[in-house]
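Below: the structure, in structure tokens.
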Amino acid sequence: MLVGQQQRLQDDIRGLVERFGRQRSSLIPVLQEIQKTHTTISDFAMQVVADELGLHPAEVYGVTSFYAFLRQESRGRFVFRLCQTISCDLAGKARVARQLENDLGIRFGQTTADGRFSLEWASCLGMCDQGPALLVNDRVYTQVTPEQVHAIIDECKSTFGAHARQVAHS
Amino acid sequence: MSPVNSKKTPFTFDSVEPESGLRVALGMSRADIIGEVSACQLRGRGGAGFPTGTKWNLAAAAKVKEGGHKYVVCNADEGEPGAFKDRVILSDHADMVFEGMTIAARAIGATVGILYLRSEYVYLRPHLERVLERRRQNTLLGVDIGGVAGFTFDIHIHMGAGAYVCGEETALIESLEGHRGEPRNRPPFPVDTGFNGQPTVVNNVETFAWVVCILGRTAQWFKSIGTAKSTGYKLFSVSGDCAEPGVYEFPLGITVGELVEKVGGRGAKAVQVGGASGHCIPASEFGRRIAFEDVSTGGSIIVFGRDRDMLAVARNFMEFFVEESCGQCTPCRAGNAKLLEGVEMLQRGECSMTYLQELLGLCETMQLASKCGLGQSSPNAFVSIVKHFKDEIMGRTLVH
């Protein structure tokens, strides 16, 4: 990691701790914000959070690794989470899964080489009456069919430029 | 591709006048509010069915530890497979949920409220924040609520981070405090030693909304619906093989068969009542009642059509529990993995009856020895599928 990047991450974390308060209950909100901005919670980030909140880094690691929506590995700009639970299973999630792998060119648990897309399974998304359900970042798609997968990916690609510009300006 | 409205029947919530419950509550003593909630015999709508009045009474009587205050927490960590009624309530009736929390705060003397929202529902947050802000502007939250001097209470939203086990109230509190969502030993119970060690009431989204209706319309009205041990209406999230999946309001005590009929699931071979942690009811037992004294549910109903492979269903549930077990206690961590392995053996047609009996013995151990409700209830689906569909699952020759 470049020194400039490290510095920025450190500043961000200090700002977040300031905002949420220097107490243990701020840990998860701080980690969520780091992930939102930096797409990953690196070892370095965990160390800084630990220092700022007065915790052992192992505690921070323990929490980060416990929750499905917190991740140490680098992920894409767009995280695709396909619901794997029973109702979406009955509604045909397997074929949607196959098509997602085909159109993204990756398997579940992987990120595309260009860093744009990650593909993951999710436990019940609470859209059981409208399955198969797919969560792309904060947006939920319902009754997804295999042939719609391509359009969803295209929609992300068309907004990716906007994301990139946002990052460059901040 | 975009979500559609899940509501399939009118809800009682639609016809309740805004703030009618809070208005009544503000004119009552704390003991009277709790008395009313106890009298109607409302039981927790999250699934466990603990009497709400009893919970509030204990929290009201508990002493605050130095320098702190009591908390009211709304459990919006709706993660049970097949459950989505809390999502609909939060979308359409958020005001009622917050109103119910405010009534609870009044009853137990809490000053801080927290809505623990699962991260899968993060898209609801902007809407919920707007509702909270409007309530603050209308003095329904904040200082001197409703003009009652000294009644101070505010609510903030805390996002979950993707863990089914956090629906268990002590795990939820651990998560609020910034820890791994590992359930605590009980006692002490949250009503006495909850968030930050202070007395805390944790109730489900739907429970809070019912409190508003009960105070607005009297306990007598609520008690007149349902059965003697399971009073009132309940929202059901219906999915699976039926013509009209969605959220329905029915009185408790409805039979599984009546429900299947109403949702267009005629011909179903089984219904999973209570989600992955619930029970699989075969068509021969559709006369059973959905109530705390018979088959209970937090609202999840999954219909299985005639051609469904019940072993594949069992496998999906076991994969879910292997993924979602917090790993803290051995019966749950190791037990669910063993059961999944067993289902896979059955699918390959490699499981002897002796080994299957051993697995059922393991299920009993898990039900008895697991630390929290997750492990205690995780074998339910497996046990009921084995019990009712033995002819379908034994001696398989095809690899699925």
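Each reported figure results from applying straightforward, stated rules to the coordinates on display, with no laboratory input. Treat the numbers as computed from the prediction; the structure is a model and nothing was measured. Cβ placement follows ideal geometry from the backbone for every residue including glycine, while neighbour counts extend to all protein chains displayed.
Sequence-ordered 3J(HN,Hα) estimates for segment B:27-32 from the Karplus curve with 6.51, -1.76 and 1.60 and θ = phi - 60° stand at x, 10, 6, 4, 4, 5 Hz, glycine and proline given as x. With respect to chain B, whose longest principal axis is taken over its alpha-carbon atoms, helix B:330-348 is tilted by about 40°.
Among the listed pairs B:70/B:229; B:70/B:371; B:55/B:234; B:55/B:229, those whose Cα-Cα separation exceeds 23 Å are B:70/B:229; B:70/B:371.
Relative intensity of segment B:310-393 on a log10 scale, I(q)/I(0) at q = 0.19, 0.24 Å⁻¹, equals -0.73, -1.16, per a Debye sum over C-alpha point scatterers of equal strength in the absence of solvent.
Mind checking B:303-309 for the average number of partner chain beta-carbons within 10 Å of each residue's beta-carbon?
Working: counts 2, 2, 1, 0, 0, 1, 0.
Mean shielding count: 1.
The fraction of Cα-Cα pairs per 10 angstrom bin, counted from 0 for segment A:95-141, comes to 24, 56, 20, 1 percent, rounded to whole percents.
Amide H contacts of residue A:119 (H built 1.01 Å from N, in plane; Pro and chain starts excluded): A:80, A:109, A:110 sit under 5 Å, all sequence-distant by 5 or more or on other chains. Between residue B:158 and B:115, B:116, B:117, the built amide H atoms are under 5 Å apart, and every one of these is 5 or more places off in sequence or on another chain. Taking the helices alone, chain B has a mean residue ellipticity at 222 nm of -12000 deg cm²/dmol, built from -39,500 (n - 2.57) per DSSP H run of at least 4 residues and averaged over all its residues.
Within segment A:8-55, the proportion of C-alpha pairs whose separation exceeds 12 Å stands at 53%. Charged neighbours of residue B:109, selected by a Cβ distance under 11 Å, balance to +4 (K, R count +1; D, E count -1).
Using just the helices of chain A, give the 222 nm mean residue ellipticity in deg cm²/dmol: DSSP H runs with n ≥ 4 each add -39,500 (n - 2.57), and the total is spread over all residues, rounded to 500. Write down the numbers at each step before the final one.
Numbers: 7 runs with 89 residues, N = 170.
For chain A, the value works out to -16500 deg cm²/dmol.
Shape call for segment B:12-223 from the C-alpha gyration tensor, a ≥ b ≥ c root eigenvalues: rounded (a/c under 1.5), prolate (a/b greater than b/c) or oblate? Kindly include the intermediate steps, with their values, before the conclusion.
Numbers: a/c = 1.32, a/b = 1.16, b/c = 1.14.
Rounded, because the longest to shortest axis ratio a/c is under 1.5.
Compared with the rule-of-thumb size 2.2 N^0.38 Å for a compact globular protein, the protein assembly as shown has a Cα radius of gyration ratio of 0.97.
Amide H to amide H, with H built 1.01 Å from N, residue B:269 comes under 5 Å of B:304, B:305, B:306, counting only residues 5 or more places away or on other chains.
In terms of the mean number of neighbouring beta-carbon atoms within 10 Å, the peptides B:308-315, A:85-92, B:223-230 order highest first as A:85-92, B:308-315, B:223-230. In the frame of its principal axes, chain B has Cα extents of 73, 43, 42 Å, reported largest first.
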